Structures are given as structure tokens and as C-alpha cells.
Amino acid sequence: MTPDKRGGEVVIRRQIQATRQELFDAWTDPEGMREWMCPGNIATAEVQMDLRVGGQLVIVMRGPTESFEHRGEFTIIDRPRKLAFTWIAKSTDLHPTLVTVEFFEVTATESELVLTHLEIPRKEVSDQYQGGWKQIVGRLEQAIGKKSKKQGGEFQSSQISLD
């Protein structure tokens with residue numbers, strides 16, 4: 001019997017002190033993503049996006065000695081509930097995988113973020129993405145916490161949602 005080398009999926013769950021709208025907006029703000037879309041020794045990320053279904057997403061993560069390019073296409077944009085996009089990288093053998101980020105209200109000021117990454121080609125790649133996405137979500141939580149402190153502990157929102 002040979003070991004199972006299929007990758008499968010990664011699921012990250014985290015409760016964050018932020019509204020669903022604030023989390024969704026963070027995932028759709030290329031400038032803000034530069035700060036937190038940085039796993040491991042990645043110092044910064046360059047993010048370009050055309051935020052519409054079928055629109056392109058390009059993220060180049062830059063570390064001290066190398067860069068990692070990720071490309072994709074938005075498949076779902078459902079503010080403030082869900083964002084989904086394909087994810088193509090050297091680590092996925094340049095085959096599309098699917099990332100879905102969902103936002104669930106826990107309280108008026110706390111949400112659960114659930115990130116699911118499907119169709120990963122190999123187990124060792126799944127393991128890398130498990131660690132990377134966990135770090136990214138942790139850095140997002142830190143960035144939102146800093147933003148909240150700068151705004152006096154209350155988030156400012158310029159959009160009204162009737163959800």
C-alpha cells in the first residue's frame with residue numbers, strides 16, 4: 001500500500017473582534033493586504049485586484065531572497081458573507097485551486113472567519129498552505145486590531161448594510 005499523497009483541503013477558523021463587513025472589506029483592500037498577506041518570512045505583498053466576478057487577482061509575496069506569485073479569478077463576491085477566488089501558484093503546479101473566505105456574525109462586534117482552500121494537489125502542499133493561511137489570518141487579526149485602536153476602539157464604516 002502506498003501512502004496517500006493527495007493534498008485535499010485546508011480549513012482555518014478564527015473568531016475576530018470585527019464585523020463581517022470589516023473583515024470582508026479587509027479582504028478586498030489591496031493596500032491593506034500588503035500588511036497582512038505575508039506568511040513566514042514574507043516582508044510585503046503586492047496585490048492587484050479587479051473586484052468583480054471574473055475579475056483577476058494577483059498577489060506577489062516578497063521575502064528576503066525570493067518572491068512567490070499567486071494568480072486567480074474571483075468566482076463569488078457576496079458582501080459581507082463570502083468571497084471566493086481561484087488560486088494558481090507554482091506550489092499548485094499552476095493548476096487552479098479554490099479559496100473561499102466566509103464571514104459569520106458571532107456578536108455585533110465579533111465574527112468568525114472560515115477560510116477553505118480546496119483542490120490542493122499534494123499533501124506537503126496542503127501542509128504548507130495550512131501553516132501559511134493560519135499565519136495570514138493571524139496577521140489580519142493583528143492589522144484589524146491596530147486599525148481599531150487607531151480609531152479609538154470603534155470601527156468606522158462608510159457603508160450601510162441592511163443584513
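The values are calculated or read from the model by the stated rules, or taken from the named source; none is laboratory data. This is a predicted model, so every value here is computed, not measured. So basically every Cβ, Gly included, is an ideal-geometry build from the backbone, and we count neighbours across all protein chains shown.
Looking at (1) surrounded by fewer than 16 Cβ atoms within 10 Å (Cβ to Cβ); (2) more than 18 Å from residue 143 (Cβ to Cβ), which is the only condition residue 87 fails?
(1)
Among residues belonging to the range 106-126 that are in a strand (DSSP E or B) and acidic (Asp, Glu), point out the one that is nearest to the chain's Cα centre (by Cα).
Taking the candidates together, the pick is 112.
Quick grid of which residues meet (1) assigned to a loop (DSSP other than H, G, I, E, B); (2) of a type in the set (Gly, Ala, Ser):
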position	(1), (2)
64	yes, no
72	no, yes
75	no, no
80	yes, no
83	no, no
86	no, no
95	yes, no
98	no, no
101	no, no
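Since residue 41 meets every condition but one in (1) assigned to a loop (DSSP other than H, G, I, E, B); (2) in contact with a Phe, Trp or Tyr (Cβ under 7 Å, 6 or more places away or on another chain), which condition does it not meet?
(2)
Take the residues in the range 66-83 that are of a type in the set (A, V, I, L, M, F, W, C) and surrounded by fewer than 19 Cβ atoms within 10 Å (Cβ to Cβ); name whichever of them is farthest from residue 22 (Cα to Cα).
Among those that are of a type in the set (A, V, I, L, M, F, W, C) and surrounded by fewer than 19 Cβ atoms within 10 Å (Cβ to Cβ), it is 68.
Could you tell me whether residue 102 is among the charged types (D, E, K, R), modelled with pLDDT of 95 or more and crowded, with 19+ Cβ neighbours inside 10 Å?
yes
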